[in-house]
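For reference, the structure is listed below as structure tokens.
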Amino acid sequence: MNDPRGANLVASITGQQFVNYLRDGKLPPGIVMPTNPSEPALEVNGAVDYGGWDIPEPCAAFGVIFHGHVDLANAMVKGTLDLSGCVFEDGLRLDDAEIGGSLRLAGITVESHSGPGSSKQSQLLSVVGAVIKGRVDLTDATIRGDIELRGASIDGFLDLTGVQAQQILLGGLNLKGDLKLGRRLDSDAQVSRVDEIKGWGIEVGGSIQLYELRDRIVESSSRSELKLDFRSARVQGSVSVIIWHAGVPRRKNDDVRRKRVDVPDLKSVDFSGARIDGDVSFLSCYILEYLDFSDTRIAGNVRIGIFKPPHVGYECVAARMKTLHLCRARIEGFLHVVGAAVDDTTDLNSLTCHGVIEFANDYATRVELGGSLNMDGVTCNSTIKMLGIIAAQSVSMFSVKTRNVKFCVAKKIRTDDRSSDSAPDADTIGVTDDRPASDNTFYPCQIGNLDIENAHIQGTLDLSHLQIFGTPRRGGIGLKVVDTRIDGNLELWSARAFCKESDGDLADDIVKPWEFSAAIAGDVVIQRSKISGDVVLTFAKVSRMIDLSDSSVGGDLKAASTLTHSALGESDQIHADMHGLDPLAGTYRAVCNQLKMRMLRCDNDIDLTGLTIVADSSDQRSDVGDLSAGYIEVKGDVKLYEKDTRQPREAYAMVPGKLVLSDSHITRLIVSAYGFPAYDNAPTPDATKPADAIGVARDHPVVGKLRHAIRQRMPAHWFPARDDAAPRDKVNGVTLVRATLGTLEIPEVGEPPRYPESIDLEDAEIGIWRIGQPDLSDANPRRTRLERLIDRMVYDSPERQVARRYIRLLANDTFHRSTYKAVEASLRNSGDDIPADIVYREMHRRAHRESGSWSLLFVLWGLLLRFGTNAGPLLFVILGLAIVSLPIYRNPTNFEASLPFLAAHRESFIGPKDTPPSHGAPPDVKGWGWDDAAILAVHHHIPVVPLIVRNEWDAKTDPGIAYGGNQKCEESDPHARFFTTCVHRAGAPGAPQFKIMPMGPEDYVAMMEILNWILWPILLTYWIHKAMRE
């Protein structure tokens, strides 16, 4: 007889003789029970049926061959039962057995014999319901069928390392020690080959450990795929699955990268509904289907990723699986997914984690998610970190509650491995083939879509340098943050990842953070969200629309330029370096094709000086190219223009469409003519620095390429020619209909000075207008009144220059009287009354031009009263009429004594040298002078005087008025119809200059009285109105 193990058999007994040995410890004479490999082997013929009997002493049998079925069910063993190395050709049954010590079955072989008389359970090792006070050792056992330990109770550990079996059934097992699978590095056990381990409802007082050595040089096609099923298990220790990968020996201090593993280690792992009091680790293993921890409670940490062996000669291989499920799980520690690859869905829905949730790279290996990452309902008491991950599909974060969310670049990864299969990906930042080994490599997050809805982020949402390449089924939305509360900032750009943690200065002099930006294919939708901190859109490149409608921002909203950027924690050197960059270069600007901010509320400032809106003429949407911000409320400034005070440089928002700020409430708005296509003389970006899809200067010496998926979905040209930036038939400009502005500041730009081509200020309420120069600082305050008068009459005074600025601006607006009146009120409030009057007069002139009608009354109103702003011309006319009339009043031949005066006071004209006048005769020439003329001028040109002062002289009714002199006019042409000159005789001075023929002095005086009765009330009304207004 030959032993299957290769040893010669020296003895043989029957099954009943072996039963007697178990009962009283006696064997036939000359036969010794082998207890170690050095003793002669033994075979047992026939079945061994010892069910329900006691084994009074510990039993040990090594290498025994049982040709029949061995049934020890319900047996009671007082000590240890050691059957190591035995061969059971027809199965082994230990159901409901009680073993006072350990059960040692290391190296056993359980085969099956089909045919008549074979046991129904010959295909398995059955220990169902057994109670074992010690440990169970099945190391290197070979079972041709199944191993069944359902309902058993083991006080020690269960060692299954190196086991060969089809299934291991552990349902209901109560194990107080550890469950060990696979192979330890310091053991000579063979590699485990088990199809499935079923541990439903298992209770493990220790840990579950699977350590296995994997030699990738040896062909592994014959290895089976292990399926672990521990649903509803209770594990008081940890769960560890670690695969050791042997490969080509490496140098001691070399860093290594992930090698692709094509042969799976596990088929699936299911711990759904389990409770684990320790840590969970799945390192360097390849799971063909899924890793499921749904509804699991884990008191420790969860690590999924790379295992770095402590011994030289083994490779660092990243974990890989098809799907990862942690939905409704509860993790008391942290969740680290480091360098792992998930080929399909990663499901973290309703996960509760008290520590950090981190998806990061390690050993130059990035997390790659081939499907979607679902994080709906996640509650994380710390931070959710996504550092340098790649997700081919969407990332969903509905109803997330966490402290911080970070999708940013992975920091400072070193590598010395230059082999072709471990070269860095092309989408890394700052990677070149000839770079020094000590340089830093930065990995941005690259995902399909990011969807955050109804979440509560107690800190910052960090999306700095995020790259979203879009998926067709998402409807064009790349980044979606809706109905979310963020207690910190929302950032699409930051220099922190590139800075030293000690002083905030740059960690690398080669890689500059401002040369890399977030790149998002599709729309960026941030709606109905409350953000307590800042929203940073600086340098972001978005292929479509940015929508911030109905959101609330507690800090600043920034799409800042290099002139205006500032952030806490950055060193002065960083600010100095950024300030020296071209603010109009495409690399250093935020880009989109439309910006919507309808009903946005911002508690601080909005800086859009670094924004470029690119309008593609092929886009049929009517609002493409617009900046729509109706109904916004901003407590600070809205800045679309900034001028460098140290250098002749300017930064401004480029808006090819309309700037709509209707019904808005803004403390201060700064906008210029630059940035609108209608103004062709604006400074243009530096053409020597073109920008690619992620805003990286192509001529930079250490710039990596963007991955192909992003490059396909991004526009080919971010900055088209200005003439092609928007359709020319589109009405572009600024709309401020019904807006309420504390201050409107529109600086003059260009030469000649220009303002926005079109501006609509209908019903706008603007407290302070600052158009061009904010005040009259260019006027010399030491000028005398005479100098000021000369300036106004001869030169273009500063007051007129100020008024002209407003007039040029309002000329671009559709005419509204309310707008002009608002400008006038603002100027008067600032003390600029003269420019205010000029603007008011322009309002009436433009109203007349808009109406297209003409009237003499309007002309006289404008000439005499300057539309109610200046009565000087009217007063000048009144005085002018009096002055012009004085020569008529000076000539006594135009007057005669009034009849009432002669009747009442005739004697007052009789004197020693006086000649009493008669009716119709002129006054005495000798007694008539300029004082009499002045009295008549006062009498006839001031309407109130005739009512209180008696008229002594009446104008004659005879036709003809002598103008000038004091004598009667002798006509040179009696037949003249209008005017005739008077004849001057020698020796007779005082002849009039000419004579007015059509009317008499009485007609002229009546006309003067009528005119003054009309002009004086107007003048008095103006003065009264001005006094009442002031």
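Just so it is clear, none of the values below were taken in a lab; they were calculated from the coordinates. All figures in this text were calculated on a predicted structure; none of them were measured in a lab. Positions of Cβ are generated from backbone atoms using ideal geometry, with glycine treated the same way; all protein chains shown enter the neighbour counts.
Summary of values
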quantity: For ASP760, distant residues with modelled amide H under 5 Å away; calculated: VAL734, THR735, LEU736
quantity: Gained length - LYS821 relative to SER566, 0.36 nm times residue gap less alpha-carbon distance; calculated: 87.9 nm
quantity: Distance violations [Cα-Cα > 30 Å] among LYS401/LYS512; LYS385/LYS541; LYS596/LYS635; LYS133/LYS227; calculated: LYS401/LYS512
quantity: Summed residue charge, Cβ within 12 Å of TRP861's Cβ, Lys/Arg positive, Asp/Glu negative; calculated: +3
quantity: Full-extension gain in nm, LEU899 to ARG845, via 0.36 nm per residue minus C-alpha separation; calculated: 14.3 nm
quantity: Peptides ranked, highest mean first, by Cβ atoms within 10 Å: ranges 839-846, 450-457; calculated: 450-457, 839-846
quantity: Backbone N under 16 Å from the ALA811 label point (7 Å along Cα→Cβ), restricted to region 826-869; calculated: 838-850
quantity: Long-range amide H partners of ARG303 with built H, under 5 Å; calculated: VAL280, SER281, PHE282, HIS336
quantity: Built amide H within the under 5 Å cut-off of GLU98, gap 5+; calculated: ALA75, MET76, VAL77, VAL131
quantity: Residue-by-residue Karplus 3J(HN,Hα) for region 799-810, coefficients 6.51, -1.76, 1.60, Hz, glycine and proline x; calculated: 5, 5, 4, 5, 4, 5, 4, 5, 5, 5, 5, 5
quantity: Estimated FRET transfer efficiency when R0 is 41 angstrom, pair HIS575-ASP763 (beta carbons, to 0.05); calculated: 0.50
quantity: Burial ranking of peptide ranges 160-167, 997-1004, 20-27 (average Cβ count within 10 Å, highest at the top); calculated: 160-167, 997-1004, 20-27
quantity: R0 of 41 Å, Cβ-Cβ distance ALA976-VAL944: FRET efficiency to nearest 0.05; calculated: 0.65
